[in-house]
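Participant: I'd like to ask some things about the structure below.
Every number in this text was worked out from the coordinates using simple rules, so none of it is lab data. What you see is a predicted model, and the numbers here were worked out from it, not measured in a lab. A quick note on method: Cβ atoms are made from the backbone with ideal geometry, for glycine too, and the neighbour counts reach across all protein chains shown.
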Amino acid sequence: MQHFTLIYPSIITKLIKITMFDDLRTISLLDWLENDLLMIVDSCELASSDASFRRYFRIKTPEGSFVVMDAPPDKENTEAFIRIAHLLAGITVNVPIIFQQNTVEGFLLLEDFGSQCFLDQLTIENVTSLYDSAFHALLLMQSQTAIERFGLPAYNEALLQRELVIFEEWFLLESLDTSIPVNLWDSLCDVLISSALEQPLVCVHRDYHSRNLMFTADDSPGIIDFQDAVIGPITYDLVSLLRDCYISWSPELIAQWRSDYYQRLIALDLIAVSPEQFKRWFDLMGLQRHLKAIGIFSRLHLRDGKSTYLNDIPRTLTYVLTVCADYPELSNFLAFLQEQVVPAYETFKQSPLS
């Protein structure tokens, strides 16, 4: 023990002070920082954990504050994060600087964007200015990305289908013990996937919403959680932002923002369709995303023990019901939701296990 103390005194001190960080990965992380990078870590605290297996720690050092990503290499791909960060930085999108990397163990030392995301800051008074900055960054990703050179995977039919299955498996079957008729499910998937695949292709962040846009003093927003970016439908990130699973706005505001962004896309020759067609793409893309999100929230609860995401299902389910009511071809699915899913969900919410 004496020999161990002499080699790792600062690590032991921090683990005594921060008893919540008693897992082996945190010990390895501190070891990497202090013994490989020779950093003096004055404090280390959990900054956040997301819907994946990643965790983020904020460390204080004499040189300033940093964020360290802990991404277990058997479950997460730090190399994708590194590559996409460089690609986005190259088109002046504000992503965190990667100061050091350890891809073998799954650790990255990152620029600290602070602890305030858009969700923490948004009010009806400032939403226009904050969203305008988000629109600007999104337009950069969509207009400045040479998709043929980025080497990102395609948001193809197989991926869209796999995402929809998450709703069927984890929400309908696992949470509600409800099955959907095969013909109805196939018809719904055909409508949603066909609409997605007919859209122009751009760089898609895939989680472009208020929790992944950081409020920064300069060049806001700072954009995080982009490692799953793909080449896919042009409306995906827009509807992710405007019909956010974590905050909602009036239909009138959403319609105005959608229309304004449509005009920006037209001006840049990124689309050449009518406003009505663009709205349909937007609505159906949102429906696909929200069904997936409901399934993911259910899976996080049932499989991973992250039950706080259950609180976001009612808002997301409301988006689904509202869109289905606007399209005659979705009337049968709407009836299924109203007659079977909503009552089963109300029962589920009252269950002690939920």
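Participant: What's the tally of Lys pairs in the chain whose alpha-carbon atoms lie under 22 angstrom apart, where the two lysines are 8 or more places apart or on different chains? Walk me through the intermediate numbers first.
Facilitator: Details: Lys14/Lys60; Lys17/Lys60; Lys75/Lys292; Lys75/Lys306; Lys279/Lys292; Lys292/Lys306; Lys292/Lys349; Lys306/Lys349.
Total qualifying Lys-Lys pairs in the chain comes to 8.
Participant: Helix 251-267 against the longest principal axis of the chain: what's the angle in degrees, Cα atoms only, rounded to the nearest 10?
Facilitator: Between helix and principal axis, roughly 80 degrees.
Participant: Using Cα atoms only, what is the angle between the long axis of helix 127-144 and the major principal axis of the chain, expressed in degrees (0 to 90) to the nearest 10?
Facilitator: Computed tilt is about 90 degrees.
Participant: For a Förster distance of 25 Å, can you work out the FRET efficiency between the beta-carbons of Ser248 and Gln350, rounded to the nearest 0.05? Let's see the in-between values first.
Facilitator: Values: r = 23 Å, r/R0 = 0.94.
With R0 = 25 Å, the Cβ-Cβ based efficiency is 0.60.
Participant: Relative to the present Cα-Cα distance, how much length would full extension add between Ile147 and Leu159 at 0.36 nm per residue of separation?
Facilitator: Gain on extension, Ile147 to Leu159, equals 2.5 nm.
Participant: Moving on. Once the piece of chain linking Asp177 and Ser259 is laid out straight, how much longer is it, given 0.36 nm per residue of separation minus the C-alpha distance between them?
Facilitator: On the way: separation 82, 0.36 × 82 = 29.52 nm, distance 3.97 nm.
Additional length available on full extension: 25.5 nm.
Participant: If you don't mind, another one. Please report the net charge: other residues with Cβ closer than 13 Å to the Cβ of Ser194, K and R +1, D and E -1. Can you show the working numbers first?
Facilitator: Numbers: positive: Arg280; negative: Glu157, Asp186, Asp190, Glu198, Glu329.
After counting each charged neighbour, the total is -4.
Participant: Take Asn35 and Ala217, extend 7 Å from each Cα along the Cα→Cβ direction, and tell me the distance between the two endpoints in nm.
Facilitator: 3.6
Participant: With a ≥ b ≥ c taken as the square roots of the eigenvalues of the C-alpha gyration tensor of the range 259-354, please select rounded if a/c is under 1.5 and otherwise prolate if a/b is larger than b/c or oblate if it is not?
Facilitator: On the way: a/c = 3.73, a/b = 1.85, b/c = 2.01.
Cα axes put the range 259-354 in the oblate bin.
Participant: Sticking with this structure for a sec: Return, for the Cα atoms of the chain, the radius of gyration and Dmax in Å, separated by a comma.
Facilitator: Here Rg and the maximum Cα pair distance are 21.9, 74 Å.
Participant: Now a separate question. At 0.36 nm per residue, minus the direct Cα-Cα distance, what do Asp269 and Ile82 gain on full extension? Give it in nm, one decimal, please. It would help to have the intermediate numbers written out before the result.
Facilitator: Values: separation 187, 0.36 × 187 = 67.32 nm, distance 3.03 nm.
Answer, rounded to one decimal: 64.3 nm.
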